[in-house]
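Written below as structure tokens is the structure these notes are about.
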Amino acid sequence: MRWRKYLTVARLAVQEAAAYRLNHFLSFLVAAVPLLGLLLLWEQVLGPQGRLAGFTRGEMLTYFILTRWLYELTGPAVWWDITYEIYQGDLAFHLLRPQRYDLYHFALILGSKLPYALVGLGVVVPFALSVGAAWVWPPSVGAWAAFGVSVALAVALAYQFTFLFSLSAFWLEDTGGVSLLADFVVPLAAGSLLPLDLFPRPVAALLHALPFAQLLYFPAQVYLGRVSGAAWLRGVGVQLAWLVGLFLLNGWVWRRGLRRFRAVGG
Amino acid sequence: MSSAIVVRNLHKIYRSPQREPGLRAALRHLIAPRYRTVQALQGVSFTVRLGEAVGYLGPNGAGKTTTLKILAGVLFPDAGEVEVLGFEPWKGETAFKKRIAFVMGRKGQLWWDLPALDLFHLFREMYEVPFPVFRRRLDDLAGRFRVTDLLSVPVRNLSLGERMKMELIAALLHGPQVLFLDEPTLGLDVMAQHEIRALLREYVREQGLTLLMASHYMRDVEAICDRVILLDAGRIRFDGPLSELKARYAPFREVRATLASAASAVPGAAWLVERAGPRLRWRVPREQVPMLLQQLTAQTEVVDLSVQEPALEDVLREAFAPNRAGR
């Protein structure tokens, strides 16, 4: 297995994405509008000294700004390139080449998301500045490293979900429903609307048990220094377990899907 | 091993959901979906020798593309045996993928916003082609196809013909031994069709490639292939040299003559299909042609005379005529 080809795919995706940087900036700007409302709301709720479920005002505002940005990298979705290729039969080209289809699209997604996330910094940083001295940084270099590891695993896990959601196109004539699930239910379960601690206890317990918390809530907790040491190790273990489990599941789904594939058109 | 492709008793069945329009039908489909099965291939068998160029002909829906996709490892066969260069295509082994190429005239694999050259480099890495070899092949192919200046132009700015040339280059850069072509000249203007045909013929012969080409344009097949396989409704109707196909399904020649003056009685009246003053046209069994010509020159004064082989299009119309209504 040679990896260089996937680096090249990612590089080409960056090249393509770079052509649309203004478009990226605008779409991120629009996507950040609800964030403004959210921040104003929490500002009002907590006041300068308020705490809620163990979150200070600074931690809460940092949580929302950070997760808004992070979710661009660790949020799964139905990847339209894959569903299109299955519907239109262009998947055939990929099956012809000596490559892994999952890795090809992972490289594509990384290559197109990284420029988007960079451009997104331009939108998020002013928000962070507005928080001022209350903004929370990871408490140590070690915490930064722990955060980095949890984000990397979250990115990989998010892709496994993206791949799984997209492969539903082998069976579904329209992946719109799956897409709604990915776009609205998953972020909620991942902790993008509320930190999971703020949900009623049974719901919070359920959400903690689901893999989606590993995408956003867990890395954010690590960033804020609320999870470290043994708890961090345990969390990373959970991330890894989900990652391996989904990877195996995807392999099975992929092989079943291929048998259904009709390579229409052409 | 002298056979490049071996196909034995190949079957492929498509099952597609069948649904009438309307809400009620949609609901009924949810509860009790009904499926329509289509026998795309019903026991197809043939072999192709190494270095042979074979045309794969048949009306729409005959199963041509399905066969090609199974041979290229894109589709699973439902029954039967398939071997390409000793590999079972559906296993998708890397060693197999490196030895074949498949070009679809209806689809492109190049990225719209990037120059073709970027993708060529990606394919070089995927197929692990050593750089000097890649360089040499690219220079050669781009030179032949006269697109050297266009390699750095984004694909969306290329004409359809130029794009097809790039697609062909993309497919040939890793040096495949077996080439599957599906309608490679589809949608191109006559000039571009002619050019691509000539380039393909030259390259395939020179490199000794094994070629299986499905096409609607009979000229593609006439120009490039020595042998044709005729497919109709998932079954092979004919397999042999092009000349034999013509002899079997079109044992006629078309004779045209222009006489010095309109004659009242002309020879071969039974085969006469058109008569406009001094201009005459016959459709004559092949073996009768010499006699007709003899009588013609003996009995009348001929100003102009031609004997033509039927075009492949006419041959096919003849071949598929009896079975058409049944499909």
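All of the numbers you see were taken from the coordinates with simple rules; none came from a lab. These numbers were taken from a predicted model, which means no experiment stands behind them. Don't worry about glycine lacking a Cβ; one is built from the backbone with ideal geometry, like all the others, and counts go over all protein chains shown.
Go from 0 up to the bin containing the longest alpha carbon distance in region A:89-224, width 5 Å each, and give me the % of pairs per bin.
Taking every Cα pair in region A:89-224, the percentages come to 2, 8, 12, 17, 21, 16, 11, 7, 4, 2, 0, 0.
What is the distance in Å between the Cα centres of region A:180-215 and region B:41-92?
49
Once every DSSP H run of n ≥ 4 in chain B is given -39500 (n - 2.57) and the sum is divided by its residues, what mean residue ellipticity at 222 nm do you get, rounded to the nearest 500 deg cm²/dmol?
-10000 deg cm²/dmol
Non-local amide H neighbours of B:Ala40 (under 5 Å, H modeled in plane, Pro and chain starts lacking H): which ones?
Answer set, sorted by chain and number: B:Lys12, B:Ile13, B:Tyr14.
How many nm is it between the label spots at A:Asp174 and A:Leu233, if each spot is 7 Å from the Cα in line with the beta carbon?
In this crude label model, A:Asp174 to A:Leu233 measures out at 5.1 nm.
Determine, from the Cβ-Cβ distance of A:Arg21 and B:Glu309 and an R0 of 51 Å, the FRET efficiency 1/(1 + (r/R0)^6), rounded to the nearest 0.05.
After rounding to 0.05, the efficiency reads 0.25.
Report the relative contact order of region A:31-73, percent, no decimals, based on alpha-carbon pairs under 8 angstrom and at least 6 residues apart.
Averaging sequence separation for qualifying contacts and normalising by length gives 38 percent for region A:31-73.
Please work out the Cα center distance from region A:112-135 to region B:213-289, rounded to the nearest Å.
Distance between centres, Cα-based: 74 Å.
Between B:Asp232 and residues 5 or more places away or on another chain, which pairs have amide H atoms under 5 Å apart, with H built 1.01 Å from N, and which residues are they?
B:Arg237
May I ask you to derive the FRET efficiency for A:Trp137 and B:Arg15 from their Cβ-Cβ distance with R0 = 51 Å, giving the value to the nearest 0.05?
About 0.30, to the nearest 0.05.
Report the equivalent ellipsoid semi-axes for region B:3-247 in whole Å, largest first, defined as the square roots of five times the eigenvalues of the gyration tensor built from alpha carbon atoms.
Square roots of five times the eigenvalues give 32, 23, 19 Å.
When chain A is treated as a GNM, springs tying every alpha-carbon pair under 10 Å, which of A:Gln49, A:Gln214, A:Gln99 comes out with the largest mean-square fluctuation?
Result: A:Gln49 has the largest fluctuation of those listed.
Averaging sequence separations of C-alpha pairs under 8 Å and six or more residues apart, then dividing by the length of chain B, give the relative contact order as a whole percent.
Once divided by the residue count of chain B, the mean separation gives 19 percent.
Would you calculate a helix-derived [θ] at 222 nm for chain A, using -39,500 (n - 2.57) for each DSSP H run of n ≥ 4 and dividing by the full residue count, to the nearest 500?
Mean residue ellipticity at 222 nm (helix-derived): -23000 deg cm²/dmol.
With an 8 Å Cα cut-off and a minimum separation of 6 or more residues, compute the relative contact order for region A:4-260 in percent.
Reported relative contact order: 27 percent.
Among the listed pairs B:Lys69/B:Lys91; B:Lys64/B:Lys107; A:Lys5/B:Lys12; B:Lys12/B:Lys91, which have their C-alpha atoms separated by more than 22 angstrom in this model?
A:Lys5/B:Lys12
Label points 7 Å out from Cα along the Cβ direction at B:Glu301 and B:Thr37: separation in nm?
Roughly 7.2 nm, to one decimal.
How many nm is it between the label spots at B:Arg205 and B:Asp189, if each spot is 7 Å from the Cα in line with the beta carbon?
It works out to 2.7 nm between the two label points.
Mind checking B:123-129 for the average number of partner chain beta-carbons within 10 Å of each residue's beta-carbon?
5
log₁₀ I(q)/I(0) of the protein assembly as shown at q = 0.11, 0.12 Å⁻¹, via Debye over equal Cα point scatterers, no solvent, to two decimals?
Calculated log10 I(q)/I(0) at the listed q: -1.10, -1.21.
Any idea what angle helix A:33-46 forms with the longest principal axis of chain A, computed on alpha-carbon atoms, 0 to 90 degrees, nearest 10?
The answer is roughly 30 degrees.
Could you state the angle between the C-alpha long axis of helix A:141-167 and the longest principal axis of the C-alpha atoms of chain A, as a value from 0 to 90 degrees rounded to the nearest 10?
Orientation of helix A:141-167: about 40 degrees from the principal axis.
From the backbone phi of region B:257-266, what are the Karplus-calculated ³J(HN,Hα) couplings (6.51 cos²θ - 1.76 cosθ + 1.60, θ = phi - 60°) in whole Hz, Gly and Pro given as x?
For region B:257-266, the Karplus-derived couplings read 9, 10, 8, 4, 8, 4, 9, 6, 10, 10 Hz, x marking Gly and Pro.
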